[in-house]
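What follows is a short report on a single structure.
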């Protein structure tokens, strides 16, 4: 029998108590090999039923039975890891909208670290990105309310709202003691998961902002367009500040670059292998030089992709260590429209490395900004008075110059690889 919580009568406590009694009776009938009933958590259901009865019968104000039960479930989930949570119907509907690529709010991915709501990454082109929020910023207050100990879904709900409305954030940036206060105007967030361009002839750039429905198809299309233009001398795949998203999309993107072998292994309780995703040769891109950029804002599904590319030696991983979110959540839709988001497993790279807590270390460490160097003016031949002209109409080769230090470094490495290949040919 299934009961819709909104239709529970005031006597729902008696019903819960009845369940507790029935469960206790079942436990008495268990075999000797079963867990002793004194240690079973189900014995505590009678405590829950008694508390619910006391609250309903004695609390000074009328109580909402649905809110009481939802609150109890939320409290239970809060004893687990930060990613396990209960989503009431409105929050569950919002979560499903997020994976479809459009929602209202600030455009920011957050995580709870050390009790504080922390920015994983702002989505490019969103109000949060334009306001200057960075990965690692601690959000201390939302509209004057402290975020210490807050659950993610509650914080996300607080930052969302109609387009044009404002939200006030108080931030603490790593390395700074002074708090920052920002007022940001909400907007409709339409996330385009893939952007691309040619940095120079033959060298392409593709940025994956997150993994949502259709990300693999979009990337496949843009890379095919690059290949159709001629020989692709190299590709830079940018996963920086990619907070993750749909696992199947991460696997499908990896499959575009990897022809065979394991992409990711999922292990559950007791180390049991729950799933192994493998690459297929059909539809795999031809081999071309590739660099994948990551940083501390690269999390979850983007770490799975980076780890697979690294273990298969399909791409050089460059940048800084990734976020380290390698746990698996399953979404269970309940009959009243609510949802249960529960951590059930861990992700491992093809070589068996755990992503959880450890993250992905780059092959080549490149910080976000170039080290400060005082440039000394060097006088060259062309600066001398009366110097001879070149005597040639061939213009010197000039490489693209980018303001993004990590991206510029990746481009320089691709140029170096070309030189080495030419020497070996």
In µm²/s, what is D for segment 226-324 at 4 °C and 1.567 mPa s, where D = kT/(6 pi eta Rh) by Stokes-Einstein and Rh is the Kirkwood radius from Cα pairs? 92
With an 8 Å cut-off on Cα pairs and a minimum separation of 6 or more residues, tell me the relative contact order of segment 278-346 in percent. 28
What is the Å³ per residue value for the convex hull set by the Cα atoms of segment 102-190? 82
Sort 300, 354, 315 by Cβ crowding within 10 Å, fewest neighbours at the top. 354, 315, 300
Within 10 Å of each residue's Cβ, count the other Cβ atoms and sort 163, 240, 151 from fewest upward. 163, 151, 240
Listed with the fewest Cβ neighbours within 10 Å leading, 344, 316 appear as 344, 316
How large is the Kirkwood hydrodynamic radius of segment 194-365, in angstrom, based on all distinct alpha carbon pairs? 16.3
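Values in this text are rule-based calculations from the coordinates and carry no lab data. Model, not experiment: these values are computed from the prediction. Glycine also receives a Cβ, built like all others from the backbone with ideal geometry; neighbour counts cover every protein chain displayed.
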